[in-house]
Every structure is written in structure tokens, then in C-alpha cells.
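Working notes for the structure below.
The values are calculated or read from the model by the stated rules, or taken from the named source; none is laboratory data. Because the structure is predicted, anything quoted here is derived from the model rather than measured. Don't worry about glycine lacking a Cβ; one is built from the backbone with ideal geometry, like all the others, and counts go over all protein chains shown. Calculation scope for accessible area: heavy atoms of the full protein, side chains included, ligands and nucleic acids excluded. Shrake-Rupley method; radii C 1.70, N 1.55, O 1.52, S 1.80 Å.
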Amino acid sequence: MTKRGRFITLEGGEGVGKSTNVGFVAELLEAQGLEVVRTREPGGTVRGEAIRGLLLDPAPQEPLHVDAELLLMFAARAQHLAEKILPALARGAWVVCDRFTDATFAYQGGGRGIANERIAVLENFVQQGLSPDLTLLLDMPENAAKQRLESRLRDRSEQRDRFEQEQADFFQAVRNAYLARAQEAPERFAVIDAQHSLDTVQAQIRHTLLERVAEWR
Ligand code: TMP
């Protein structure tokens, strides 16, 4: 029987350098001879990416209800699990995912104020016990992340998406919720101090990851 692959997620607020490091993680694992599937949420499938469009579209003429936002996150996730994540893990591939359900607890829970218990109901319904094997949480103070986000937005021509339009108190609540999640599951989370230079951050990631690979193989 093929050994099930491992499921690794990267999390963090806006501007913490997550996208760059998703590529770094995938390349590190590939260099270990592992088959890697790199993906993201919300999205990762054709229908999931369409749902992502609905979620990020600022469309000021009609605000998105918080429960609709929550359900769309899980709708995209259900499709993602069925189409991509579960088949990859079953054939022994390692899945590296840019955000997963911890983001829902952080953004829809911490940021929007939905009770964790309500999110957990959907988590159980959609994931049926599946959770990441390792979650790298890129953490930095809200004001440092904001500065990075602002400079990224200056280099980008598109307008801010629905989440990027939020204010400091929203992002502070997101960060607090992420840190609380990490405290509740310290064996799954590695909290990476993302304030340092890219080299230092990636050295921390490499150390954590190679330790886990050695343990799991
Ligand atoms: P990205 O910035 O990583 O591309 O993700 C898009 C946005 O979606 C980001 O602002 C965080 C948000 N998000 C949630 O609010 N809840 C979730 O469950 C996920 C996966 C993302």
C-alpha cells in the first residue's frame, strides 16, 4: 500500500511573505525527492478559483454577508479536498497549501467575529477529521506587516481586494487568532518569526521542515 503523503500549510496575515515561502517549501521538499503538489486557498481548483473571485471582489454595491463568506470558504475547500488534496495525499504526494482552515478561524473567526464553535461545525462536516500535518505560521507585528503590504500594493496595478481593504484592528484580531490557534496545537504549528530578513526566515523554515521530513520518512 502506498504511504499517505503529508499535508503542509502556510499561514499568516497579509504582507508576511507567505507566497514567496510557499515556493521555497515546495522546492525544499522536491529536492528531497518527494512529489509535491503546490496549491492555495481559497482556490486550487477551477470552481474553487471562481469562488475565490467572489470572495475577493470588493463589489461595493453589495456587501458580502459574513455567513456567506464563511460558507464560500468551505464550499471552495470541499471542492479542493475532493478534486486535489485527498487524491494527492492518497497517491503519496506531499501537498503544500497556501492557507487552509486556520485562515478561516483567523479571518472569519478573529477578524469577522464568528464563533469558533460554528466554524468547527463546518470544519468537521467538510474535512471529516483531516487536518494539516504541519502548519508554518509566518508571524510579525501588525504594523510591520502593514508596511510590507502597502509597498506590495504600490507595485501592483490592481485595486485592493475585499480583505486588503480592512483596517488595522481587523488584522490585529487575525494575528491574535492565529497565535491562539498555534498555542492550542503546538505539535502541529511551527511559528516562524517573519520580521527577519528572507534568508533568516528561510533558514528557520528549512530547519523545521527537514526535521519533520526525517521524522516522517
Ligand atoms: P491570499 O492573500 O493568501 O491570496 O488569500 C486571499 C484572502 O483570503 C486573504 O486575505 C485571506 C482570506 N482568507 C480567509 O479570509 N479565510 C480563509 O479561510 C482563507 C483560506 C483565506
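Find the relative contact order for the chain and round it to a whole percent, using C-alpha pairs within less than 8 Å whose residues are 6+ positions apart. List each step's numbers first, then the result.
Details: 307 pairs, mean separation 69.7, N = 217.
That works out to 32 percent.
Annotation note: GluC sites (Glu not before Pro) in the range 125-217 located in DSSP loop regions with a Cβ neighbour count of at most 11 within 10 Å are E158, E187.
Label sites at T20 and A214, each approximated as a point 7 angstrom past Cα along Cα to Cβ, lie 2.7 nm apart. When the surface is traced with a 1.4 Å probe over the full set of protein chains, D67 keeps roughly 50 Å² accessible.
If you take the alpha carbon atoms of the chain and fit the smallest convex hull around them, that volume is 125 Å³ per residue.
A 1.4 Å probe, protein heavy atoms only, puts the accessible area of R160 near 80 Å². Solvent exposure of the chain, expressed per residue, is 50 Å² of accessible area, with all protein chains present and a 1.4 angstrom probe.
Surface listing: K3, K84, K18, K146 arranged by accessible area from highest to lowest gives K3, K146, K84, K18, probe 1.4 Å. Computed over the chain, the per-residue total of -39500 (n - 2.57) for DSSP H runs of n ≥ 4 gives a 222 nm mean residue ellipticity of -15500 deg cm²/dmol, rounded to 500.
Any chance you could run the full-extension gain for A120 through V66? It's 0.36 nm times the residue separation minus the Cα-Cα distance, nm to one decimal.
On the way: separation 54, 0.36 × 54 = 19.44 nm, distance 1.56 nm.
Length gained between A120 and V66: 17.9 nm.
Under 12 Å of direct C-alpha separation, and excluding same-chain neighbours fewer than eight residues apart, K146 reaches these aspartates and glutamates: E14, E164, E166, D169. In whole angstrom, how far apart do the alpha carbon centroids of the range 2-53 and the range 109-158 sit? Each part's Cα centre sits 14 Å from the other's. Need the list of lysines near K84 for cross-linking: C-alpha distance under 28 angstrom, and skip anything on the same chain fewer than eight residues off. Filter leaves K3, K18.
Per-residue 3J(HN,Hα) values for the range 56-71, derived from phi via the Karplus relation 6.51 cos²θ - 1.76 cosθ + 1.60 with θ = phi - 60°, read 8, 4, x, 3, x, 5, 8, x, 8, 5, 4, 5, 5, 4, 4, 5 Hz in sequence order (x marks Gly and Pro).
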